[in-house]
């Protein structure tokens, strides 16, 4: 957001610089990145606004039991585990994963 750009701006002898994307090193960057990956791979699940500050991914998994990943995979930061019962099944899941990542 524009506000985040102003907050994370920094001054050097060459002038004022603002980040256009979230840099590494911000204290919440890993959690936000993980949430984005989970949202993409879990199909953008949302809870109703009535749940106050409760979040879909409180523990890195969907808060509602019984909801499974759209790709049948698990992820941690930039590692995504995908498995299959056969070579063809694995290739199909990897193809779906790459489609989601586009």
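The values are calculated or read from the model by the stated rules, or taken from the named source; none is laboratory data. These numbers come from a predicted model, not from an experiment. Every residue, glycine among them, receives a Cβ derived from its backbone with ideal geometry; neighbour counts consider all protein chains shown.
Loosely packed, with under 12 Cβ neighbours inside 10 Å, at pLDDT 80 or above and not in a loop (DSSP other than H, G, I, E, B), is that true of residue 20?
Here the answer is no, as residue 20 does not meet what is asked.
Scan region 39-47 and tell me whether some residue there is exposed (fewer than 11 other Cβ atoms within 10 Å of the Cβ), modelled with pLDDT under 50 and outside any helix (DSSP H, G or I).
no
Just name the residue that is modelled with the lowest pLDDT out of those in region 61-98 that are touching a helix residue (DSSP H, G or I) at 6+ places or on another chain (Cβ under 7 Å) and closer than 21 Å to residue 32 by Cα.
Among those residues, the one meeting the criterion is 62.
Which one is farthest from residue 100 (Cα to Cα) among residues in region 1-17 that are surrounded by fewer than 10 Cβ atoms within 10 Å (Cβ to Cβ) and within 23 Å of the chain's Cα centre (by Cα)?
3
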